[in-house]
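Worksheet for the structure shown next.
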Amino acid sequence: MKLRGKLLLVALSVLVLPWAGWQLLHLLGDVLREGEEQALRATAEAVARGLSLRPAQLPAAGEGVFAPALLRAPRLDGRVDDWSGADASYALQGDGDASASIRFGSVDDTLYLFIRVADASRQRGDAHWRIVDRLDHVRLDLHGRQGVVELRLANSASGVLIATGSDGATLPVQLRGTWLDTPDGYAIELALPQGYALRALSVRVVDAAEERPPQVLVNAGSADAPVSWPVLTESPALAGSLSQLLPPGTQAQLRERGGWRIARAGSLADRSQAPTVPAWRRWLYQRVLFKPVLGDAEAPVQADDYAASDDHDSDIDDADPLAWYRSDGADHAVLAVTVPVTVAGETRAQLQVQRRSDALMRLTDQAFSGLLMLTLLALAAVVVGLVLFAGRLSARIRHLRDAAGTALDRDGRVRAFPVSSARDEIGDLSRSFAALLGEVGVYTGYLRSLAGKLSHELNTPIAIVRTSLENLEADPQGPSAATYLERARGGIERLGALVRAMSEATRIEHAIAGAELETFDLRALVADCAEGYRPLLSPRDLRLELPATPLRLHGAPELVAQALDKLIDNAIGFCPDDGWIRIGLAAEGDGARLSVANRGPLLPAAMRDKLFDSLVSLREKSRDGGVHLGFGLYVVKLVTDLHRGRVEAADLPAGNGVEFILHLRGAVEGMAGKD
């Protein structure tokens, strides 16, 4: 894969930004949802406090009954089959075999009652009969604005309901109703006057029989002291008060302690803030914001229709004070908060306030849009930047590749290599290539000059051998034949010396490559070698400058001794018989400084940089006629490199000789085996 493609793959790692943004969006959704819950809870508590300041509109404390709204007005025929919407009935209590229940309903501000009595012993009579107290009848105490109205209901047969006052007098209110005898007793269906404000009532059902005294069934309390039930209906006044307290975009319903809804107001649809979030983002936010709290639950309410919510909730006491629901086909989420409405420490009702998630959607959409835009801009900037960087990097590498491909011409000569000034890795690589090619150029030049040097060194002894043999062939028995043989023998020995010198250089190179390293005392090694040099240097003066304490060095002692031998041999070649040679050793940093100085001629300026190259020699011929190919100082350089050091040559400050200095730092395991 190209470098550009690899960097493009690296650029794709920036896609972690959208993932981090998605996680941030989840976290933001949790924070916004909690904020929405706290805000709606505060709203519900404020509305509940406002309602508690109007205790007269709230249900009275204690047990009561509720008259739910009927879908249509019943026919008042003594049958309950047309009481749609009012399924709850309240049982009366008492001793004996008889039983009774009462049911309530309301239509258009008219209150309806349905009383069913199970009575096996029939003792019928009309309400205005004087003996009706000893017959089956029903007594109602109606508590209204004008006080308590006592009614007596009784019929001798099925028909229009007969009702009188408690003492048989004329009714103070106009009732409509029917008495219907049934196989197991009788039923009473009646309607109070429209607009009659019934606040409470008590019911007493008297069951008469010939063989026993009458038995009384009551709604609460006892026959002698009945307790009235508060009668509750949906209150327009309470709904108006609730509507005044609700903020826009919220709806609320108030339920009495039995779970019946007594007021409702508001609307979830806030027309002033129409939804502006696209459908696909609404779907996304549903998963982010409401999936943790909604799951797959269905909504119990619709956003704009209260009629769909139940009039009665028997689990009002166990209701979750905070819940999320789906609404409008799961396109919205509805938050519902339930709080108690208390007066003087008594819970009079339960208030549930609901709000749709439109505002939360808009806040999330704003955050998501900003996050998405920043993520896309960051991704585009990073990708463009990496592509441009990859293009420049690829161009530099291609330029370096092309320069390396044309570094050598057809004749093997090294061309000039462009060196980069950049301070990065590619610049370092360019400079390393340039340095390497410089070394290759020097080595190539050395190889090219090797043939000439060897030819120069070999031509002289070969010429001596050839001329000697030619002269010997011309005069094999002459007086000079022995001289010619001696000259030929000398030329052959000189050729052998050349071969031995080259073999020795090769052997030393192999010895360096396979050297075994150890830690040794360099001071003792130099001292021992110096004592061996004294006879060889005579009559020259040997001067020795060594440290007072041992000097430890990690390396190859045999190779250090050979390097010292080469330096001493070089010094002998240039030092006159009355001169001196000095060997010095001193500690230097984490290594040592080994030097050999001698009295004699100075270094030629043109040869200072080539002294340690192979086949470089300043001596024309030694005093004993030996051959010098210039391998000695080259071996010194190889030994110094093994010990991570450097070697240098310089004229003495006094101008009376030269000094060769080895800076040794100690070898490292593994370096000896390197080429």
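The values are calculated or read from the model by the stated rules, or taken from the named source; none is laboratory data. These figures come from a predicted structure and were not determined experimentally. Neighbour counts run over all protein chains shown; Cβ positions are idealised from the backbone, glycine included.
Determine whether Leu198 is surrounded by 16 or more Cβ atoms within 10 Å (Cβ to Cβ) and in a loop (DSSP other than H, G, I, E, B).
On the way: surrounded by 16 or more Cβ atoms within 10 Å (Cβ to Cβ): yes; in a loop (DSSP other than H, G, I, E, B): yes.
Yes, satisfied.
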Problem set entry | Filtered residue count, region 143-171, keeping only those that are in a strand (DSSP E or B) and closer than 18 Å to Ala100 by Cβ | 4
For this session: Sort through Ile492, Ile512 and tell me the only one that's out of contact with any Asp or Glu (no Cβ under 8 Å at 6 or more places or on another chain), in a helix (DSSP H, G or I), closer than 30 Å to Arg644 by Cβ and at pLDDT 70 or above.
Result: Ile512
For this session: Assess whether Ala252 counts as being hydrophobic (A, V, I, L, M, F, W, C) and surrounded by fewer than 18 Cβ atoms within 10 Å (Cβ to Cβ).
Result: no
Exercise. In region 92-101, is there at least one residue being in a strand (DSSP E or B), touching a Lys or Arg at 6+ places or on another chain (Cβ under 6 Å) and of a type in the set (Ser, Thr, Tyr)?
Worked result: yes
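When only residues in region 629-660 that are assigned to a loop (DSSP other than H, G, I, E, B) and within 58 Å of the chain's Cα centre (by Cα) count, which is surrounded by the fewest Cβ atoms within 10 Å (Cβ to Cβ)? So that I can check it myself, show each step before the final result.
First, pick out the residues of region 629-660 that are assigned to a loop (DSSP other than H, G, I, E, B): 629-631, 643-645, 652-656.
Narrowing further to those that are within 58 Å of the chain's Cα centre (by Cα): 643-645.
Values: His643: 26, Arg644: 16, Gly645: 22.
Only one residue fits best here, namely Arg644.
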Exercise. Which residue pairs have Cβ atoms under 8 Å apart, sit 6 or more places apart or on different chains, and have a first residue in region 554-577 that is touching a residue at least 24 places away in the same chain (Cβ under 8 Å) and a second that is among the charged types (D, E, K, R) and surrounded by fewer than 19 Cβ atoms within 10 Å (Cβ to Cβ)?
Worked result: His554/Glu518; Gly555/Glu518; Ala556/Glu516; Ala556/Glu518; Pro557/Glu518; Gly573/Arg619; Phe574/Arg619
Exercise. Give me the pairs: first residue in region 649-669 and over 19 Å from Ile572 (Cβ atoms), second residue of a type in the set (A, V, I, L, M) and at pLDDT below 90, beta-carbon distance under 6 Å, and six or more apart or on different chains, which are they?
Worked result: Ala667/Leu517; Ala667/Leu642
Exercise. Are there any pairs, at least 6 apart or on different chains, whose C-beta atoms fall under 8 Å, with the first in region 72-91 and of a type in the set (Asp, Glu) and the second part of a loop (DSSP other than H, G, I, E, B) and surrounded by 14 or more Cβ atoms within 10 Å (Cβ to Cβ), and if so, which?
Worked result: Asp82/Pro74
For this session: Starting from region 469-480, keep only residues that are among the hydrophobic types (A, V, I, L, M, F, W, C), then list their pairs with residues that are modelled with pLDDT of 80 or more whose Cβ atoms are within a distance under 9 Å, requiring at least 6 positions of separation or different chains.
Result: Leu469/Ala488; Leu472/Ala481; Leu472/Leu485; Leu472/Ala488
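Given the condition hydroxyl-bearing (Ser, Thr, Tyr), farther than 21 Å from Leu201 by Cα and not assigned by TED's automatic domain parsing to the domain that holds Pro247, answer yes or no: does some residue in region 71-88 qualify? So that I can check it myself, show each step before the final result.
Just the residues of region 71-88 that are hydroxyl-bearing (Ser, Thr, Tyr), to begin with: 84.
Applying the additional criterion that residues be farther than 21 Å from Leu201 by Cα yields 84.
Checking the rest, the ones that are also not assigned by TED's automatic domain parsing to the domain that holds Pro247 come to 84.
Scanning region 71-88, I find at least one residue that is hydroxyl-bearing (Ser, Thr, Tyr), farther than 21 Å from Leu201 by Cα and not assigned by TED's automatic domain parsing to the domain that holds Pro247, so the answer is yes.
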Exercise. Looking at region 425-438, is at least one residue assigned to a loop (DSSP other than H, G, I, E, B), touching a residue at least 12 places away in the same chain (Cβ under 8 Å) and surrounded by 13 or more Cβ atoms within 10 Å (Cβ to Cβ)?
Worked result: no
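Take the residues of region 314-357 that are in a strand (DSSP E or B) and more than 21 Å from Ala48 (Cβ to Cβ): which is modelled with the lowest pLDDT? It would help to see each step written out before you state the result.
Step one: filter region 314-357 for residues in a strand (DSSP E or B), giving 322-327, 332-343, 346-356.
Now narrow it down to the ones that are more than 21 Å from Ala48 (Cβ to Cβ): 326-327, 332-333.
Details: Arg326: 67, Ser327: 62, His332: 66, Ala333: 73.
Only one residue tops the list, namely Ser327.
Residues checked against (1) at pLDDT below 90; (2) over 23 Å from Leu71 (Cβ atoms); (3) of a type outside the set (Asp, Glu); (4) buried (at least 19 other Cβ atoms within 10 Å of the Cβ):
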| residue | (1), (2), (3), (4) |
| --- | --- |
| Gly185 | no, yes, yes, yes |
| Gln194 | yes, no, yes, no |
| Gly221 | yes, yes, yes, no |
| Leu232 | yes, no, yes, yes |
Exercise. Within the bounds of region 536-552, is there any residue that is closer than 20 Å to Leu633 by Cα, part of a helix (DSSP H, G or I) and touching a residue at least 24 places away in the same chain (Cβ under 8 Å)?
Worked result: yes
Exercise. Do we have any residue at all in region 264-284 that's modelled with pLDDT of 85 or more, on the phi < 0 side of the Ramachandran plot and buried (at least 22 other Cβ atoms within 10 Å of the Cβ)?
Worked result: no
Exercise. Given the residues Ala225, Ala197, Ala237, Ala220, which is the only one that is free of Cβ contacts under 8 Å to residues at least 40 places away in the same chain and closer than 25 Å to Arg145 by Cα?
Worked result: Ala225
Exercise. How many residues, within region 439-469, are of a type in the set (Asp, Glu) and either at pLDDT 75 or above or not in a helix (DSSP H, G or I) (or both)?
Worked result: 1
Problem set entry | Count - residues of region 385-415 that are in a helix (DSSP H, G or I) and either of a type outside the set (S, T, N, Q) or in contact with a Cys (Cβ under 9 Å, 6 or more places away or on another chain) (or both) | 20
Exercise. What do you reckon, is Arg124 of a type outside the set (Gly, Ala, Ser), at pLDDT 90 or above and not in a strand (DSSP E or B)?
Worked result: yes
